[in-house]
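Engineer: Below is a structure I'd like to ask you about.
The values are calculated or read from the model by the stated rules, or taken from the named source; none is laboratory data. Predicted model, so just to flag it, every value in this text is computed and none were measured. Note that we place each Cβ from the backbone using ideal geometry, even for glycine, and neighbour counts take in every protein chain shown. In case anyone asks, the SASA skips ligands and DNA or RNA and just uses the protein heavy atoms, side chains included. Shrake-Rupley method; radii C 1.70, N 1.55, O 1.52, S 1.80 Å.
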Amino acid sequence: MSDLSHDADPKEEVVSEIRISKKGFEIFVYLVLFLLNAFYFKEALGLPGSARGVGAGGFPFIVSLVIGASLLALLVVSLVVPRKDEVEPFVAISRPVQVALVIAVMLAMVMTLSWTGPLVGIALLALLVMWLGGERRYLLLLGLPPLLSVGIYVLFVLVLGVYFD
């Protein structure tokens with residue numbers, strides 16, 4: 001995020017970013033994602049189920065419920081928990097290079113997924129996407145990607161009985 005100098009000549013000053021309150025931006029993103037998830041939930045209800053197991057419609061239904069509950073929890077936390085900062089943080093939207101790098105990492109991970117395996121590949125993808133997105137806290141960078149892989153393994157292999165090749 002760059003600060004624009006107030007001493008600069010107005011003709012030279014070029015605003016190339018949009019500054020939005022971080023809390024407002026988070027709430028907006030959570031609401032948009034929740035509405036998209038509501039559509040996904042509605043579509044999942046229309047899929048056929050199975051009496052003996054999860055079925056074609058069961059897994060999307062479960063995923064939709066988990067995503068919806070997570071988004072509601074994030075929204076409540078964002079609304080209820082006060083910021084510890086004295087100054088309201090802002091989000092600057094001006095990252096075309098970061099987006100291009102994330103796309104390149106995703107393509108590279110898809111091409112090397114057969115070599116790395118799904119669990120290691122997902123952990124590496126999560127780590128690189130978080131790092132390219134600006135996350136620099138080592139506890140999150142080194143803790144969340146393995147937890148994501150373990151969660152996917154538990155959900156698919158242990159709960160649903162879907163094995164990776």
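Engineer: Which one of the conditions (1) modelled with pLDDT under 85; (2) in a helix (DSSP H, G or I) does Arg52 fail to meet, given that it meets all the rest?
Structural biologist: (2)
Engineer: Which residue out of Val110, Val105, Val159, Val97 is open to solvent by 90 Å² or more (accessible area, probe 1.4 Å) and over 30 Å from Gly58 (Cα atoms)?
Structural biologist: Working: Val110 fails: over 30 Å from Gly58 (Cα atoms); Val105 fails: open to solvent by 90 Å² or more (accessible area, probe 1.4 Å); Val159 fails: over 30 Å from Gly58 (Cα atoms).
Result: Val97 is the single residue among Val110, Val105, Val159, Val97 that is open to solvent by 90 Å² or more (accessible area, probe 1.4 Å) and over 30 Å from Gly58 (Cα atoms).
Engineer: Now for a different question. Only one of Leu127, Leu140 is in a helix (DSSP H, G or I), at pLDDT 90 or above and more than 20 Å from Phe164 (Cα to Cα). Can you tell me which?
Structural biologist: Exactly one residue qualifies, and that residue is Leu127.
Engineer: Could you please find all residues in region 24-41 being more than 19 Å from Val66 (Cα to Cα) and either in contact with a Lys or Arg (Cβ under 7 Å, 6 or more places away or on another chain) or without any contact (Cβ under 8 Å) to a residue 12 or more places away in the chain (or both)?
Structural biologist: Gly24, Phe28
Engineer: Which members of region 143-165 meet the condition of being over 22 Å from Ala108 (Cβ atoms) and in a helix (DSSP H, G or I)?
Structural biologist: Looking only at region 143-165, we keep the residues that are over 22 Å from Ala108 (Cβ atoms), and these are 143, 147, 150-151, 153-163.
Answer for region 143-165, where residues must be over 22 Å from Ala108 (Cβ atoms) and in a helix (DSSP H, G or I): Gly143, Leu147, Val150, Gly151, Tyr153, Val154, Leu155, Phe156, Val157, Leu158, Val159.
Engineer: I've got another one for you. Given the conditions (1) over 23 Å from Ile103 (Cβ atoms); (2) open to solvent by 70 Å² or more (accessible area, probe 1.4 Å), and given that Val154 satisfies all but one, which numbered condition is not satisfied?
Structural biologist: (2)
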